[in-house]
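The values are calculated or read from the model by the stated rules, or taken from the named source; none is laboratory data. Note that the structure is a prediction, hence the values are computed from the model and not measured. Please note: Cβ atoms are built from the backbone with ideal geometry, for glycine as well, and neighbour counts cover all protein chains shown.
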Amino acid sequence: MARVLNALAGPVLVTGLCLFGAPGMSQPLGEVSDRVADLQLGLFCAPPEGGRRPAPGTMAGWVHIPDQPVQMVATGTVAPAVLGQGFGVRYRLADNLGATTQYTVTHPPMPPSGTTAQTWSGSVAPGDGDTVFFQFDIPEELQLGDWTFTAEADGEVLFTVLFTVVAPAEIPEAAHLCDAPSLLSFRRTGPAAAG
């Protein structure tokens, strides 16, 4: 089922591939809270699974806890529909307050249930940040079109961002970013997150 991940922010690895100039370029939708000091949108390759925790608002009912920091491999808001690849957000809070977070990803209907939104909770340590992304694990998740990520902390919307998922042939330079064994270790058993 859906592999929805969030993990404590780690070092950012950007390969130099920048997809902001691609069709479907977008910025955050609406206001970005003053609590957000840094907001990066991009493509991710997941580290091995370190554990799971319940997330009843997701299709699989749980989220993955990566065993090491999640690497951003390119910046941008256009993502190829490729199994094993993820896309999402890395952000950091500006204040020295911790936060209880709620994440929502909306997407085109996923078979067989037609689900269009998934939610899960997390937390951010004082002065820290988080990485939140969706990874394609099964063919049913490869839905082309607009996807949004919304992050809330303690009832306040921190940001909502828009991504466009396209056929791999539309952005071939991004379609194989997670092919290298050192960058990819995904499991087809369900979603993922930590926080």
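Test of understanding: among 110, 72, 25, 1, which residue is more than 14 Å from the chain's Cα centre (by Cα) and modelled with pLDDT of 85 or more?
Numbers: 72 fails: more than 14 Å from the chain's Cα centre (by Cα); 25 fails: modelled with pLDDT of 85 or more; 1 fails: modelled with pLDDT of 85 or more.
Answer to the selection: 110.
Please enumerate the residues belonging to the range 130-158 that are surrounded by fewer than 20 Cβ atoms within 10 Å (Cβ to Cβ), of a type outside the set (S, T, N, Q) and either without any contact (Cβ under 8 Å) to a residue 60 or more places away in the chain or under 22 Å from residue 73 (Cβ atoms) (or both).
Selection gives 138, 139, 140, 142, 144, 145, 146, 152, 154, 155.
Quick one: residue 131 ticks every box in (1) farther than 23 Å from residue 60 by Cα; (2) of a type in the set (Ser, Thr, Tyr); (3) in contact with a Lys or Arg (Cβ under 8 Å, 6 or more places away or on another chain) bar one, so which box is it?
So the condition that residue 131 fails would be (1).
Give just the number: which of (1) modelled with pLDDT of 80 or more; (2) closer than 14 Å to residue 148 by Cα; (3) in contact with a Ser or Thr (Cβ under 6 Å, 6 or more places away or on another chain); (4) surrounded by 15 or more Cβ atoms within 10 Å (Cβ to Cβ) does residue 117 not satisfy?
Going through the list (1) modelled with pLDDT of 80 or more; (2) closer than 14 Å to residue 148 by Cα; (3) in contact with a Ser or Thr (Cβ under 6 Å, 6 or more places away or on another chain); (4) surrounded by 15 or more Cβ atoms within 10 Å (Cβ to Cβ), residue 117 breaks only (4).
Is it the case, given these coordinates, that residue 78 is modelled with pLDDT of 95 or more and either among the polar types (S, T, N, Q) or over 17 Å from residue 45 (Cβ atoms) (or both)?
Values: modelled with pLDDT of 95 or more: yes; either among the polar types (S, T, N, Q) or over 17 Å from residue 45 (Cβ atoms) (or both): no.
Judged against the criteria, residue 78 is not a match.
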